[in-house]
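The values are calculated or read from the model by the stated rules, or taken from the named source; none is laboratory data. No experiment lies behind these values; they were computed from the predicted model shown. Please note: Cβ atoms are built from the backbone with ideal geometry, for glycine as well, and neighbour counts cover all protein chains shown. These accessible areas exclude ligands, DNA and RNA; they are computed on the full protein's heavy atoms, side chains included. Shrake-Rupley method; radii C 1.70, N 1.55, O 1.52, S 1.80 Å.
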Amino acid sequence: MMKNIRIFDTTLRDGEQAPGGSLSIEEKVRIAKQLANLGVDVIEPGFPISSQGEFTAVQQISRDLLHVEICGFARAVTEDINRAIEATQDATKRSLHLFISSSDIHLDFQLKKSRDQVIQIAREKVAYAKQFVDRIEFSPMDASRTGNEFLLEMVEAVVAEGATLINIPDTVGFALPNEYGQIFKMLKNNVRGGKHVEYSAHCHNDLGMAVANSLAAIEAGATQIEVTVNGIGERAGNCSLEELVMAIETRKEALGVQTNINTEEIFETSRLVSRIMNFPIAFNKPIVGRNAFQHEAGIHQDGLLKNRNTYEIMNPEKLGVPREMIILGKHSGRHAIKHRVSEMGVPLNPTQLEDLYTRFKAFADQHKSVTDEQLAQLVGKATNTVMENYMITDIKVFTQHHKKAATATVINQITHEENTFLGKGKGPVEAIISSIKQAIPLDVKFIDLELYSLSSGENANGEAIVTIEIEGRKFKGTCIDEDIMFSIAKGFISAINQCIRENNIQESSKIMNQ
Ligand code: KIV
Ligand code: ZN
């Protein structure tokens, strides 16, 4: 029988404490709704006493989300508790998270209080809060640097007053996994009256051990883990939701535990938080980084095409990751190139494959990777086929303080018609997209734009990855160019061409060969 681990999400409270991560009320509500879709068990939506906006956000989320526990957050201070109780009043299921420091370094230098005083405050405030809420989580802040004796005394004191869940923060990310696990064992074995108390882990990632420490806590009996999406939070952040959940999911037989997370929502949640908070995700970040499921080495690509398990321990489709398994580059072999071209719907005879392979290798030697758009052009040359229905030959962008406009010149390579269109928008990107859309007789929705600078310096190449939707299906176009506006325009047209290719490949090659 697998034990269930509660996922307590603090993206909107501890995660928002990440430098520069501040969120509006609407943004918090939007993220909270997605967290509910993801299936987290508890949401800590903010710190109600800290501002009117925080209060309103917590209140709104408590009213809107009926199927998830909402946890108010408060220092061990009466006014904080009152605000948190009031803000979460309308939640269908609620709890309250109270904290006060426990380590000597915090007591001596920050609180300037004795151990006895701090225990007294903790007791009083837990007893006060218990009048209003039954489920009380208590955190002795900096618990991992507190020392067993005083930690035990403090935990016993708050349990006696009715705390139902004890959270052990590794506030500065200092603990090693075995030390952190020992704290849970010590408390579980010794807390008087603590039979029905549950334990929770809250780990910071200063030494990159937040996930490992959280897993150590689970092995030592913790039943709740506090996490943030993309691991955002103070300094190096918190235990990353997606990494912890996927470690549990992938190794559940070894760990004997499971979560309620709907893994298919992981990618979407990660992107949403990254975009709203303006926090880019490192390319090599486990689970959600753009390289996390990409394979460049020819040997790996070959293995994957024969059996995915050769080099993959998770199925990206189960995380909602759009499947772009293979990055084509100079290490790619014939097998991978042929596979990608067949995904484009183009059958190649052996002579065409050899011709493409030679062109590909020459091209890939000069570039870091080969995008689908570049591959399509190479295929076009090797097969004498029009692979790109539309091509942009020129764009012009006009930007003035409140006015942005752009023209795009687009050729239809099948009919050889060339036209220039004028578009307007709030920014240059909107103006460019609006001008190109006029050239395309399709209903194209612009969904997302990712921009990367691929090197340093003024003449750095910019990479644009554009996601569009046509008739409910999503397509991605990638383009690299020194001119970032041009790369956005070409990325957009490349995604459109991909849609046309997938629907019409036979049609356009027939026309071309006439
Ligand atoms: O890291 C920490 O100590 C915290 C507590 C207030 C739970 O975020
Ligand atoms: Zn924290």
Full extension between Asn148 and Glu482 adds, at 0.36 nm per residue less the Cα distance, a length in nm of 114.4 nm
Hull volume in cubic angstrom per residue (convex hull over the Cα atoms of the chain)
173 Å³
How much length, in nm to one decimal, is gained on full extension between Lys403 and Glu502, taken as 0.36 nm per residue of separation minus their Cα-Cα distance?
31.9 nm
Okay, helix-only estimate at 222 nm for the chain: each DSSP H run of n ≥ 4 adds -39500 (n - 2.57), divide by all residues, round to 500 deg cm²/dmol; what do you get?
-12500 deg cm²/dmol
Could you pull the accessible area for Met314 with a 1.4 Å probe, rounded to 10 Å²?
40 Å²
For segment 298-383, what number results from the quotient of the Cα radius of gyration and 2.2 N^0.38 Å?
1.11
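At 0.36 nm per residue, minus the direct Cα-Cα distance, what do Thr250 and Asp116 gain on full extension? Give it in nm, one decimal, please. Kindly include the intermediate steps, with their values, before the conclusion.
Values: separation 134, 0.36 × 134 = 48.24 nm, distance 4.50 nm.
That works out to 43.7 nm of additional length.
Sort His300, His97 by accessible area with a 1.4 Å probe, largest first.
Correct descending sequence by accessible area is His300, His97.
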Run the simple label-point estimate for Met1 and His67 please: 7 Å along Cα→C-beta, distance reported in nm.
2.5 nm
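Would you mind computing the Rg to Rh ratio of segment 332-436 from its alpha-carbon coordinates, Kirkwood style for Rh?
Numbers: Rg = 17.7 Å, Rh = 15.8 Å.
We get a ratio of 1.12 for segment 332-436.
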Accessible area per residue of segment 390-510 at 1.4 Å probe, in Å²?
53 Å²
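Is any helix in the chain, taking whole DSSP H runs, at least 27 angstrom long along its axis by alpha carbon and on average at least -1.0 on the Kyte-Doolittle scale, and which ones? Display every interim value, and only then the final one.
Details: long enough: 484-513 (34 Å, 0.10).
The qualifying helices are 484-513.
Rolling a 1.4 Å sphere over the protein heavy atoms, what is the accessible area per residue of segment 298-383, to the nearest Å²? Let's see the in-between values first.
On the way: 4510 Å² over 86 residues.
Roughly 52 Å² per residue, with all protein chains present.
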Sulfur and carbon atoms: percent of accessible area, the chain [1.4 Å]
49 percent
